[in-house]
Amino acid sequence: MKQTFTNISVNGEPISPELIATEAQNHPAPKGKPGMAWMAAARALAVRTMILQEAQRRGIVAAPMELAPGLWETEDEAVIRQILDEAVEAEPPTQQEVRAAYESNPERHRAPALYEAAHILFAARPDDVVARKVAKDQANAVLAKIKLEPKAFDALARDHSACSSRANGGRLGQISAGDTVAEFEAALDMLAQGEIAPEPVESRYGFHIIRLDARADGEILPFEAVETALRSALEKAAWVRASRAFVDKLAEQAEVTGITLKKAA
């Protein structure tokens, strides 16, 4: 598909189609719509160009920082960081704003739920299609036996599970969010206490037959316990808004051809 964004410039500085095509690889787009990735890349490069031009106007000299041992910022990355540090000023949230953010939705600040669960794992590598098919078939066969005789779960776990928990009848003990993979946790959230998942649950490790033995929902944490994290989140959000305002102002003053950056009136 031939792209049409071939004459893009910012204040007279052209952005080549080749550069846009390279940048487009970093911008996912729906299948069959590469033009969306191209447009996103063109916008990103235009904004980058505007910021670098403004940094040059202000006389900012690159002072790269070491990001990790032996890994340094490029000069452009350093300049962009420096000008944003200089030009973007975000109002810190007040104590009242932090408190209001907490009280607007206390449910967001629950402690992780705790589960007592058991599983039978039929292991297969993610890239082994044949092994995964076999594992799924085995899981379905064993699950059919469990549905007929739920009390057989422990014995079947000892006979079939590829997890070390088989020695305990598949019991994992007490677990919480982050202790297992996302697919496993999602399945637990769908189950009532004492219930067995109606279908094998697929994860990167293979297929699991899952039983939820008990669940304790986390308590809502008091304001004092989340205040620091909530304040940090509000500060980051304020900085993002301020940085967008800075870029919008540059766009209003810039002469951009081939692409639209200015807000619609």
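Quick look at the numbers
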| item | result |
| --- | --- |
| Some residue of the range 33-55 being in contact (Cβ under 8 Å) with a residue 24 or more places away in the chain, closer than 21 Å to R244 by Cα, part of a loop (DSSP other than H, G, I, E, B) and not small (G, A, S) | no |
| Selection from the range 220-259 of residues that are closer than 25 Å to Q56 by Cβ, in a helix (DSSP H, G or I) and of a type in the set (A, V, I, L, M, F, W, C) | W239, V240, A242, A245, F246, V247, L250, A251 |
| Sole exception among (1) within 30 Å of A225 (Cα to Cα); (2) more than 27 Å from the chain's Cα centre (by Cα); (3) small (G, A, S) for A177, by number | (2) |
| The listed residue being in the same structural domain as G173 (by TED's automatic domain parsing), surrounded by fewer than 13 Cβ atoms within 10 Å (Cβ to Cβ) and hydrophobic (A, V, I, L, M, F, W, C), out of V130, V142 | V130 |
| Residues of the range 189-222 classified as buried (at least 20 other Cβ atoms within 10 Å of the Cβ) and not assigned by TED's automatic domain parsing to the domain that holds V142, total | 0 |
| Residues (in a loop (DSSP other than H, G, I, E, B), in contact (Cβ under 8 Å) with a residue 24 or more places away in the chain and either in contact with a helix residue (DSSP H, G or I) (Cβ under 8 Å, 6 or more places away or on another chain) or acidic (D, E) (or both)) located in the range 179-203 | E199, P200 |
| Selection within the range 135-157 - farther than 15 Å from A197 by Cβ, charged (D, E, K, R) and free of Cβ contacts under 8 Å to residues at least 12 places away in the same chain | D137, E149, K151 |
| The range 145-168: number of residues that are surrounded by 14 or more Cβ atoms within 10 Å (Cβ to Cβ) and of a type outside the set (A, V, I, L, M) | 10 |
| Residue in the range 48-59 that is of a type outside the set (F, W, Y) and in contact with a strand residue (DSSP E or B) (Cβ under 6 Å, 6 or more places away or on another chain) present | yes |
| Residue pairs meeting the criteria (Cβ under 9 Å; at least 6 apart or on separate chains; first under 16 Å from E86 (Cβ atoms) and outside the structural domain of L84 (by TED's automatic domain parsing), in the range 58-74; second in a loop (DSSP other than H, G, I, E, B) and among the β-branched types (V, I, T)) | none |
| Residues of the range 75-126 that turn out to be part of a loop (DSSP other than H, G, I, E, B), buried (at least 16 other Cβ atoms within 10 Å of the Cβ) and of a type in the set (G, A, S), as a count | 2 |
| Hits in the range 174-204 - residues which are in contact with a His (Cβ under 9 Å, 6 or more places away or on another chain) and acidic (D, E) | E183, E202 |
| Selection from the range 226-253 of residues that are surrounded by 13 or more Cβ atoms within 10 Å (Cβ to Cβ), free of Cβ contacts under 8 Å to residues at least 24 places away in the same chain and more than 30 Å from A55 (Cβ to Cβ) | none |
| The range 127-178, residues that are of a type in the set (S, T, Y) and part of a helix (DSSP H, G or I) | S164, S165 |
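Listed here are the residues, each with its yes/no results for (1) modelled with pLDDT of 95 or more; (2) within 12 Å of I259 (Cβ to Cβ); (3) loosely packed, with under 11 Cβ neighbours inside 10 Å.
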site	(1), (2), (3)
E13	yes, no, no
H27	no, no, no
P30	no, no, yes
A37	no, no, no
A40	no, yes, no
T49	yes, yes, no
L52	yes, no, no
A55	yes, no, no
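The values are calculated or read from the model by the stated rules, or taken from the named source; none is laboratory data. Nothing here was measured: the structure is a model prediction, and the numbers come from that model. Quick reminder, even Gly has a Cβ in these numbers, built from the backbone with ideal geometry, and neighbours come from all protein chains shown.
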